[in-house]
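Take a look at the structure below.
Nothing in this text is a laboratory measurement; each read-out follows from the coordinates by a stated rule. Being a predicted model, the structure only gives us computed values, none of them experimental. With ideal geometry, Cβ positions are generated from the backbone for all residues, glycine too; neighbour counts draw on all protein chains shown.
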Amino acid sequence: MNRVRQPPKFSRRLANGAGIAASALLLTPFWLPAVEPQLLPVATEWRFRVFGPESPPLAADWRDAEFNDAAWSAGLSGFSNVGGEATYLFGANLAAACFRGRFTLEEPTAVQWLILRVDYVSGFVAYLNGREIARRGVEGDPPAFDAVATPHDRNATEEVNVSEHRDVLVAGTNVLAIQLHGDAVPATQLVLVAELCANFQRGPFVQNVSTQACHILWRTPVPATTVVEYGESPALGQIYSDTTPTTNHVARLTELAADTDWYYRVRSAADDEEAVSPVYRFRTLRTAGDVSFAVFGDSGSGWLSQYDVASYLATAAVDLVLHTGDLAYPALTRALVDTRCLSVYAPQMRGMPFFFTPGNHDLYTSDLLATYLETFRMPTNSATGTPHFYSFDHGDAHFVSLFVPTVANFAGMAPYALRPGSAQLQWLTNDLAATTRPWRIVLLHCPLFSSAAHRWDDYDGNGVYDRLELQEWLLPVLSQYGVQVVFSGHDHCYERLAPTNGIHCFVTGGGGYTLYGLAQRDELSQRFEVRFHHLVASIKGDSLQVQAVDRYGVIFDEAAIPRVSPPHLRASLRTPQTLCLNWNAAPGFRYDLETAASWAGPFASLDHPALPITATNYQAVFELDLSVFSEAPPARFFRVSVRPPPSP
């Protein structure tokens, strides 16, 4: 039965323009003015009006904060008349469009730097409380509504430092107004994705949180110092400082107590100006115990579907978030990484660790994975010393992120690729063999099993379906070392598959981009849904519960996964005279084989010198050969009995 989760605590349409409900604790010490960096983020509601060549012009005061725009249309940013953004601009023969976004400020003097991030087609003029602050590709003072702009491509986002106009900010309501023009009349395209940021155009956000350390990242429009104040209470008390001027700030906090709330704020100073963030909170990972996490992927569309999923993801009461890849479409570039990823999840990422794995669209750029590697701070691996693939521990769980954007031979990626005999596969074997955590969770982009379009992929062109190759390469290792769950994306759908060798596979590629339908149902498929969604998983003792939550908060599927799968007994003839029995096993459990002449019993322990047997590690199977002494032996029935390890 479908259930609806509680809606977000805060509406997506907040008075201050926050696009997604915040999950990090915001505290501002009274003695130091601070402002939330996202004044007008993506997914904020704007008022807008479109114009054709014959439309009557607006009164000049439409740019002013006091203008009454109640009769205008409303929509979430971004905007486009050709699709591909959250709000569609309806109308034929459009020449221009006007937009008004509101935000509130309590203390305008807290704004030291002001940044306009804008993706546009083809030209625009931006006004803050009636004053022009930026212009691209269009002339006129003000431009006529049928003015033609210089062509400008989509997905070529600019960050414009408009700090010189911060004096026009007021306490209370402020308005950013933008007049957008096409490169012809009528316009072939009108596209606007705009954000207004205070002090920091990116972050601050946490990365690579562990039991004892954490990275904090942010970006400033000018080279400035890097300072983090932090502590176990909002009073802070400790400090990280680097006086080397930079625009990309990375602070690594160490010697933190595990499983503890830590509070922090960041500060950057340049030219006698200092920007300060509010105080946020994150929690270090724990060394043992129960674990909760969310999983989603294939998200970076910039569509309303992505924002809907993000809103409910922000309400998930979890310790961390896993992303199965494809952070931005059509590719993860420097121009799109903010508007289609970081800005969308910013309120969560201020205090919630996100762990990413690369997807194929994250490599579809001229510099391959450069944007991913320079933007995020993931753990590194011991094989290549890089974050292409990695693992980390939290509580009773060991998490592994594999580098499988596809099995295609991406230029320059050979040292990191997953192949038989590869450094990654050998690292995976060693990593799983070394962990002592009872739960083992694997994350990768490409699914091992799928019923959707990527079922037929053969990216390396060798005539073998990619899923079959991945099964051949990975299943023996994952089975041998007791992996219970594999999460993947790539196919834009939800799918839960029956366990194979104790491994439960999920496809969760419904984070916001185009959905895929059923291509051919896999024989292991148990539930297939064409829905935008995220997953919420909770480990409690020897059970893992997974819930699939759609874009409207409906829980549409649930599954319970045991830590140790019951033994599955198989029989085959090794020779005409030898019967081979095998079953899966887990360390510490004692296994015995019982036999009977009838399925109803009575069963008795089989007299065999190898039995009973206690497993010392995870094994795909125990094998036991039994001799058949006659050409027509009587029917025999077998079953495995199992005794759990003694309590400590």
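Below are the figures for this structure:
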quantity	calculated
Charge context of E374, other residues only, Cβ under 14 angstrom, K/R +1, D/E -1	+1
Mean separation of Cα contacts under 8 Å, 6 or more apart, over the residue count of the range 202-278: relative contact order %	33
Overall form of the range 510-584 per C-alpha gyration tensor (a/c, 1.5; a/b vs b/c)	oblate
Exposure proxy order (Cβ contacts within 10 Å, fewest to most) of Y230, Y364, Y88	Y88, Y364, Y230
Among 403-411, 290-298, 194-202, the order from most to least packed when residues are scored by Cβ within 10 Å on average	194-202, 290-298, 403-411
Pairwise centroid distance, computed over Cα atoms, of the range 331-393 with the range 487-511, Å	21
Stretch gain in nm, segment T616-E558, where the contour uses 0.36 nm per residue and the Cα spacing is subtracted	17.7 nm
Prolate/oblate/rounded label for the range 388-519 (Cα gyration tensor, a/c 1.5)	oblate
Dipole-positive endmost among N93, V121, Q201 within the chain (Cβ charges, Cα centre)	Q201
Pairwise label distance in nanometres, T380 with T150, each label 7 Å out on the Cα-Cβ vector	4.3
Relative contact order (%) - criterion: Cα under 8 Å, at least six apart; region: the range 242-360	23
Diffusion constant of the chain at 4 °C, which comes from Stokes-Einstein with the Kirkwood Cα-pair radius and 1.567 mPa s, µm²/s	48
Cα gyration tensor, the range 463-506 - rounded (a/c under 1.5), prolate or oblate	oblate
R0 of 22 Å, Cβ-Cβ distance E164-E106: FRET efficiency to nearest 0.05	0.50
Positive dipole terminus of the chain, leading residue within L443, F637, V222 (C-beta point charges)	F637
Among 325-332, 304-311, 242-249, 47-54, the order from most to least packed when residues are scored by Cβ within 10 Å on average	325-332, 304-311, 47-54, 242-249
The range 223-280 versus the range 158-186: alpha-carbon centroid distance in Å	30
Estimated dipole of the chain in Debye, rounded to 20 [Cβ of Lys and Arg +1, of Asp and Glu -1, Cα centre]	1400
Electrostatic dipole magnitude of the range 203-321 [Cβ: Lys, Arg +1; Asp, Glu -1; Cα centre; debye, to 20]	140
Relative packing of 69-77, 107-115, which averages over residues the other C-beta atoms within 10 Å, highest first	107-115, 69-77
Distance in nm between pseudo-label sites at R590 and D61 (7 Å out along the Cβ direction from Cα)	8.9
